Amino acid sequence: MEAAKSQLSDSADHVLKAGPLEVRLDQRTVLADGRGIVLTVREFHLLAVLASRPEQVVSREEIYDLVWSGRMPEHDRSVDVYVSKLRHKLESALPHWNFIQTHIGFGYCFSPKPLAS
């Protein structure tokens, strides 16, 4: 886990880096090993929220508030659906990496780490 932390950096030009993943906040683009990943606006905002808080569990309610700009309706599963979509795209682009951890009952955590070979 410590290696993953050291790989994450926030440069002056608003680029979050985690291993082979780059989130360019100002350009609203995401690169995997230098190749672009196509994300929807919500997927990008979700990734930006999580990646800007590495190794921190972010509650579903807080994610909803930051990405959807409002209070999460009771029994709403939007956050879970979008995390699943985002995970699928990240895993397709970088199959040997895991980026988002689920903390059941709490929320999600951006904790980038390579998968064991």
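The values are calculated or read from the model by the stated rules, or taken from the named source; none is laboratory data. These figures come from a predicted structure and were not determined experimentally. For neighbour counting, all protein chains shown are included, and Cβ atoms are generated from backbone atoms with ideal geometry for every residue, glycine included.
Here's a check for you: in the range 95-117, which residue that is surrounded by fewer than 17 Cβ atoms within 10 Å (Cβ to Cβ) and among the β-branched types (Val, Ile, Thr) is nearest to the chain's Cα centre (by Cα)? Going through the qualifying residues, I end up with Thr102. Among residues of the range 48-94 being touching a residue at least 12 places away in the same chain (Cβ under 8 Å), in a loop (DSSP other than H, G, I, E, B) and more than 14 Å from the chain's Cα centre (by Cα), the one that is surrounded by the fewest Cβ atoms within 10 Å (Cβ to Cβ) is Asp76. For the range 52-98, what are the residues that are aliphatic (A, V, I, L, M) and over 30 Å from Ala116 (Cβ atoms)? Within the range 52-98, Leu66, Val67, Met72 meet the criteria.
Within the range 95-111, the set of residues being of a type in the set (A, V, I, L, M) and either at pLDDT below 95 or in a loop (DSSP other than H, G, I, E, B) (or both) comprises Ile104 only.
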